[in-house]
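The values are calculated or read from the model by the stated rules, or taken from the named source; none is laboratory data. This is a predicted model, so every value here is computed, not measured. Cβ placement follows ideal geometry from the backbone for every residue including glycine, while neighbour counts extend to all protein chains displayed.
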Amino acid sequence: MKLLFGNLKFSKESVKTKFYLFYLLYFIVSALVVTAVKRQDFKTCEQSSFCKRNRAYADKLTANHSLISPYSVIQDSIIIKDGIISGDLINSENNLIFIFELHLLEIGAARIRINEKNPLKPRYDKAKDWALIQDPSYTLEYTLIPSKPDVTSLSFGKERKQAVSIYHSPFRVEFLVNDVPIITLNDRGFLNIEHLRKQDAPGLVDQSNSENDQVIEDENDLDKGLWKETFNGKEDSKPNGPESIGLDISFPGFSHVYGIPEHASSLSLKETRGGDDSYSDPYRLYNLDVFEYEVDNPMALYGSIPFMMAHRKGASAAVLWLNAAETWIDITKNKEDKHRLSSLLGFGKLTPTSTSTHWISESGVIDVFAFLGPTTSDIFYQYGLLTGFTALPQSFAIAYHQCRWNYLNQEDVAEVDESFDKYDIPYDVIWLDIEHTDGKKYFTWDTVKFPTPEKMQTNIGIKGRKMVTIVDPHIKIDDNYYIYKEAKDLDLFVKEPDGRIYDGWCWPGSSSWVDFTNPSAQEWLIKKFAFDQYKGSTEHLFTWNDMNEPSIFSGPEITMPKDLIHHGGWEHRNLHNLYGIAYHSATSKGLINRSNPPRRPFVLSRAFFAGSQRYGAIWTGDNFAKWDHLAIATPMLLTIGISGLPFSGADVGGFFGNPDTELLVRWYQAGAFQPFFRAHAHIDTKRREPWLFGDPYTGYIRDIIRERYALLPLWYTLFHEASTTGMPIIRPMFTVYPEDEETYAMDDQFFVGNSLLVKPIVNEGQTSTEVYFPGNEIFYDYFTLKKVQGSGKVQIEAPINKIPVFLRGGNIIPKRQRIRRSSAAMRTDPFTLLVALDKFGKATGSLYLDDGETYDYEKGHFIHLQFTFSKRKLISKSLSVLNNDENLYAQSISSVRVEKIIVLGLDLKPKHIFADCIDCSKNSKRELQFGLPTTNLANAVIIKGTDLLITEEWVIEFS
Ligand code: NOJ
């Protein structure tokens, strides 16, 4: 068949080939030439008509103080029943009626939903089905508070400490904790719901057929783009016309807000309108494959979590804006002029700053959760109860991963695998990128390069190691490709508005995309991971979901056209940010289901949404081997972590470009303290496996990877904590020191759990750095075990072989110091306890352990120990049933010992140390041998070669 292409004629095949070569060339050239992000490929707010309209609406109200929000509650419409307050709103500008519901929730949060009362057709409301684990229950513990006739107020929660006031006219909602307002909705009157309408409805300008039906360029031209919009020559047909929603959410008295990943930006979010260091565009949430992204930028990246947290002394609050369409968020900070607020907040004469945010989404309904804290840990828990806690990963998943695009063939894989052993560097997982497939057809193998994939996996599996292969969502259009054929026959693909299967360009060339929002597509993909379906896969093989924003080289903004049609007839625009989680979810379920009994999955995804934590890990995409990209990884990962998704990492070494040895060493040092620790590199970069640099650099890399392995018991315990409480694994300083304002904007140092303070070195040539030690507490250098002299800001030496890491007094951390080739090989090794006393001579810590693979822990097969040091006694108590026939895991490690205990900071040197078992009938009191190091360690006592079992409760006395 011939196609007309301009005035040239090509066969269809040759057009395809040319496109393919074009894109290949494009990527290769772009990778080689160091260029900035192609900003012109991505919209600004000005170029997104609904964002521009809502910003203009906000400007109008801000500029003219006599204007107020036209939305008010219709008199006597409010009904309060069973924890739900509902009523009708009227927009006095067009007399349209909206229905609102306010749900008081058991989890210490509230939810507001606003929709058109009689929409022309239903508005999209399914983001909740992906983000939430279930519809949250309403609390019946509330009391109506007598108030003025045009205000409805209730207090709620067990002690009635939380309250909400609904102001009727104009409509405004205020949440209070202990009588202090912490979140207000529509305070500035930006509530705006563009109702669904017919294109020829009277009073509405239709510019869709105008010749200038382009991106809006003129400030006054807000009516353009209502019914059709074009960007970079690509048209969005917008058959439903304007349907955006907007609302301002304010945090009175809070000068810091955090969250709304993913952006290459600071932890404390910047202003986007006015202010000293302001961005000019709002933060954007729209999952996109942004080539060579820039740091310090609010541009959208691969994932979106519409969750924002505010924090100040004495209070924390958060919101979840449950919407999966393209979303923009403006942030402004204002000196508060409300006298009432100053006195209520106890700021005295100081004028507090308040943060106002303006949320704008292209479509859907208003569905906002307000989490009322009052602490950050309360919020993490409340958010986890709503969207699910992070899934407890297999233990290999938190060890070190070795990836590159691409390991060439089986011989290459074997050589890399053996080299790790040769150079005595542990690793757990080797990854294969897209080149392992037969022509980028996922679930297949290039049989020349990888003729015996099962054997290859078994060879690494024998050493306790795993393999990950990439499985992307674009499906090569090829009737001989079984995946394509099946999906086509089952009618699972995303469609064009006219019903044809959508055809776009990605790695394999012409491709189609399965609609994973369709339950049948979920079911289908889940089955594709069965061992007999995914030929060449074994139990050692796990999965990498890439390009699932989705990334489409030929699409607008390198993604899917918004007017494509999904299951249920929904346009892509409504659910764009869900595509990634839908794919991640099916993949993860596929890996669970392939084994019987089921095993925990491991799936890395690039795109994400609220709730993705239930399916696996994410990474920050295509970063660059540059110092500023190393630096930005910390705030990015902290932000993602406080937004409910703690299992995240940035490519170690930087994806694009070639890091020099110093940068690579520093990156490994930082990466060893990321929850997900993987080295990865672009296909055009030089090989950079750790042994290629020679000593001393290889040695530095080896040391820090080994340190990660030594600390795996701590990491696993923290993952368990995240999976039950929602606590992030790496934590911003402000969450550990919530009363210390100095920490509120700090994002270049952080905590692993509550015990290790880490300050990555992110500048070339830097050999010392300032570390902030808050709270007049004791800190010990993690590597030398010496006490840090001074508190507050202290200058710390950081030669190239050292990342500044400190152990916070008051903590006990579990380690394993016999480093082997993989984490699996260390499973029955003995433990070391590092006890760092605080100034009161106290410390606590815990250790969670299970088989690291199955779900047996759900049936009680695990060990959870609590360690406490107080009054010169160290006690190990179990938080669960230990020596019980039903705890097979405890039985399986019943001979594992705590072989070494190091206590730092004892005031008086002990003369004797005795150990005894707790609540045991036998007389087992015995004296332990110990040493007092002569070096200047912080009054250290080292007990070696103990016979204390991990499965027994015991006490050690330092007399
Ligand atoms: C883009 C991903 O971000 C990158 O990590 C991967 O190597 C390439 N796609 C090729 O699959």
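Computed values, structure above
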read-out: Scan of segment 395-424 for residues that are surrounded by 21 or more Cβ atoms within 10 Å (Cβ to Cβ) and touching a Phe, Trp or Tyr at 6+ places or on another chain (Cβ under 7 Å), ordered by number; value: 395, 397, 398, 399, 400, 401, 402, 403, 413, 420
read-out: Subset of segment 931-956 [in a strand (DSSP E or B) and crowded, with 18+ Cβ neighbours inside 10 Å]; value: 941, 943, 946, 948, 949, 954, 956
read-out: Number of the exception - residue 121 against (1) over 23 Å from residue 69 (Cβ atoms); (2) touching a residue at least 60 places away in the same chain (Cβ under 8 Å); (3) not in a loop (DSSP other than H, G, I, E, B); value: (3)
read-out: Qualifying residues in segment 523-570 (those that are of a type in the set (S, T, N, Q) and surrounded by fewer than 21 Cβ atoms within 10 Å (Cβ to Cβ)) - the one nearest to residue 433 (Cα to Cα); value: 538
read-out: Complete set of residues in segment 73-93 that are in contact with a strand residue (DSSP E or B) (Cβ under 6 Å, 6 or more places away or on another chain) and part of a strand (DSSP E or B); value: 73, 79, 84, 85, 86, 87, 88, 89, 90, 91
read-out: Filter result (within 16 Å of the ligand (Cβ to nearest atom) and part of a loop (DSSP other than H, G, I, E, B)) within segment 627-677; value: 650, 651, 653, 654, 655, 657, 658, 659, 674, 676
read-out: Test: residue in segment 678-694 that is closer than 22 Å to residue 728 by Cβ, in contact with a Ser or Thr (Cβ under 9 Å, 6 or more places away or on another chain) and in a loop (DSSP other than H, G, I, E, B); value: no
read-out: Among residues of segment 435-449, those that are assigned to a loop (DSSP other than H, G, I, E, B) and either outside the structural domain of residue 533 (by TED's automatic domain parsing) or within 16 Å of the ligand (Cβ to nearest atom) (or both), counted; value: 9
read-out: Residue list for segment 893-907, filter: among the small types (Gly, Ala, Ser) and surrounded by fewer than 16 Cβ atoms within 10 Å (Cβ to Cβ); value: 894, 895
read-out: Residue in segment 868-878 that is among the aromatic types (Phe, Trp, Tyr) and more than 25 Å from residue 671 (Cβ to Cβ) present; value: yes
read-out: Exclusive hit being more than 29 Å from the chain's Cα centre (by Cα), more than 30 Å from residue 415 (Cα to Cα) and at pLDDT 95 or above, set 730, 778; value: 778
read-out: Qualifying residue in segment 682-695 (condition: in contact (Cβ under 8 Å) with a residue 60 or more places away in the chain, within 16 Å of the ligand (Cβ to nearest atom) and within 24 Å of the chain's Cα centre (by Cα)); value: yes
read-out: Qualifying residue in segment 466-478 (condition: part of a loop (DSSP other than H, G, I, E, B), under 22 Å from residue 394 (Cβ atoms), of a type in the set (A, V, I, L, M, F, W, C) and within 14 Å of the ligand (Cβ to nearest atom)); value: yes
read-out: Residue check for residue 766: surrounded by fewer than 21 Cβ atoms within 10 Å (Cβ to Cβ), assigned by TED's automatic domain parsing to the domain that holds residue 933, closer than 23 Å to residue 671 by Cβ and touching a strand residue (DSSP E or B) at 6+ places or on another chain (Cβ under 7 Å); value: no
read-out: Residues that are within 16 Å of the ligand (Cβ to nearest atom) and either assigned by TED's automatic domain parsing to the domain that holds residue 239 or more than 23 Å from residue 584 (Cβ to Cβ) (or both), drawn from segment 506-542; value: 509
read-out: Boolean, residue 853 is among the charged types (D, E, K, R) and out of contact with any Lys or Arg (no Cβ under 9 Å at 6 or more places or on another chain); value: no
read-out: Whichever residue in segment 278-320 is of a type in the set (Phe, Trp, Tyr) and not in a strand (DSSP E or B) and, among such residues, is nearest to the chain's Cα centre (by Cα); value: 302
read-out: Sole residue being touching a helix residue (DSSP H, G or I) at 6+ places or on another chain (Cβ under 7 Å) and assigned by TED's automatic domain parsing to the domain that holds residue 619, chosen from 412, 428; value: 428
read-out: Segment 589-606: number of residues that are touching a Pro at 6+ places or on another chain (Cβ under 6 Å) and closer than 18 Å to residue 515 by Cβ; value: 0
read-out: Residue 84 vs. criteria over 14 Å from residue 116 (Cα atoms), modelled with pLDDT of 95 or more and exposed (fewer than 13 other Cβ atoms within 10 Å of the Cβ); value: no
read-out: Test result for residue 483, in the same structural domain as residue 617 (by TED's automatic domain parsing) and either more than 16 Å from the ligand (Cβ to nearest atom) or under 28 Å from residue 852 (Cα atoms) (or both); value: no
read-out: Those residues of segment 592-626 which are within 16 Å of the ligand (Cβ to nearest atom) and part of a strand (DSSP E or B), in sequence order; value: 603, 604, 605, 617, 618, 619, 624
read-out: Where residue 337 falls short, out of the listed (1) at pLDDT 95 or above; (2) part of a loop (DSSP other than H, G, I, E, B); value: (1)
read-out: Every residue from segment 413-434 that is closer than 26 Å to residue 545 by Cα, away from the ligand (no atom under 16 Å from the Cβ) and among the charged types (D, E, K, R); value: 415, 417, 428
read-out: Which listed residue is in contact (Cβ under 8 Å) with a residue 40 or more places away in the chain and buried (at least 23 other Cβ atoms within 10 Å of the Cβ), from 392, 385, 372; value: 372
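Each row is one residue, and each column tells you yes or no for (1) within 16 Å of the ligand (Cβ to nearest atom); (2) β-branched (Val, Ile, Thr); (3) surrounded by fewer than 20 Cβ atoms within 10 Å (Cβ to Cβ).
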| position | (1), (2), (3) |
| --- | --- |
| 247 | no, no, no |
| 253 | no, no, no |
| 277 | no, no, yes |
| 290 | yes, yes, no |
